[in-house]
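Here the structure comes first, spelled out in structure tokens, and everything after it is commentary.
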Amino acid sequence: MEKIIFLLKKIISVNSICPNEKELANYLVNFFKTKKYKVIKQPVEKNRFNIVIEKGKGKKSIGLYAHLDTVDTTKLSWYSNPFKLKIDGNKAYGLGAFDMKGGIVANILSFLEYNPTNIKIKLFFVVDEENISKGGFKLLKSRLIKDVSCLISTEPAFKYG
């Protein structure tokens, strides 16, 4: 639980309101480079890039997918600082805690804990999902996803899908 709260607190503190994902993207690039993982920055447009991190060996991959951007704070009512994680019972509050920084943390910790054999595991962090998904479309058209047999998105399921 401590790892979850530590990471969630850190990434919620980083403003990644669409289209300003660069600071969060750079944090994640540095986080994984210090752990000696292969990190690929896929340019999407000026100052915006997707990130792909991989480990393991094999011809096929399992992908964990999440987006870096959040909605603007003006679209929601806030009773606390949206860039400061607040835990109240079993609920976490902060901009993106639900959509999608909680999913980012789940993907990171799953990636770090899993040691694949005969397969690769890839993390995909993309930009612009809260707008028109430029990052997702760029990724789908690239070679970076061609070996993926199963893609899991930790995007929350809202009431109407």
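Numbers at a glance
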read-out	value
Residue ID - surrounded by the fewest Cβ atoms within 10 Å (Cβ to Cβ), chosen from residues in region 146-161 that are touching a residue at least 60 places away in the same chain (Cβ under 8 Å) and within 16 Å of the chain's Cα centre (by Cα)	Glu155
Single residue of region 97-139 satisfying the filter (touching a Ser or Thr at 6+ places or on another chain (Cβ under 8 Å) and either open to solvent by 40 Å² or more (accessible area, probe 1.4 Å) or free of Cβ contacts under 8 Å to residues at least 12 places away in the same chain (or both)) that is nearest to Thr70 (Cα to Cα)	Glu130
Qualifying position, being of a type outside the set (A, V, I, L, M) and modelled with pLDDT of 95 or more, among Gly89, Gly136	Gly136
Complete set of residues in region 125-139 that are out of contact with any helix residue (DSSP H, G or I) (no Cβ under 8 Å at 6 or more places or on another chain) and of a type in the set (Asp, Glu)	Glu130
Selected residue (only one of Lys101, Lys84 is at pLDDT 95 or above, within 21 Å of Val14 (Cα to Cα), basic (Lys, Arg) and in a helix (DSSP H, G or I))	Lys101
Scan of region 53-73 for residues that are part of a loop (DSSP other than H, G, I, E, B), closer than 24 Å to Val14 by Cα and open to solvent by less than 50 Å² (accessible area, probe 1.4 Å), ordered by number	Leu68, Asp69, Val71
One residue from Ile11, Ile17 being in contact with an Asp or Glu (Cβ under 6 Å, 6 or more places away or on another chain) and surrounded by 12 or more Cβ atoms within 10 Å (Cβ to Cβ)	Ile17
Test: Leu95 is over 26 Å from Leu144 (Cβ atoms) and hydrophobic (A, V, I, L, M, F, W, C)	yes
Odd one out for Lys84, checked against (1) open to solvent by 50 Å² or more (accessible area, probe 1.4 Å); (2) in contact with a helix residue (DSSP H, G or I) (Cβ under 9 Å, 6 or more places away or on another chain); (3) under 25 Å from Ile132 (Cβ atoms)	(3)
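Let's see how each residue does on (1) of a type in the set (Ser, Thr, Tyr); (2) under 21 Å from Glu155 (Cα atoms):
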residue	(1), (2)
Ile4	no, yes
Ser61	yes, yes
Ser80	yes, no
Tyr93	yes, yes
Asp99	no, yes
Ile104	no, yes
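The values are calculated or read from the model by the stated rules, or taken from the named source; none is laboratory data. Here the structure is a predicted model, which means the values were calculated and not measured. FYI the Cβ positions are ideal-geometry reconstructions off the backbone, even for glycines, and counts take in every protein chain you see. Accessible surface is based on the protein model in full, side chains and every heavy atom, while ligands, DNA and RNA are left aside. Shrake-Rupley method; radii C 1.70, N 1.55, O 1.52, S 1.80 Å.
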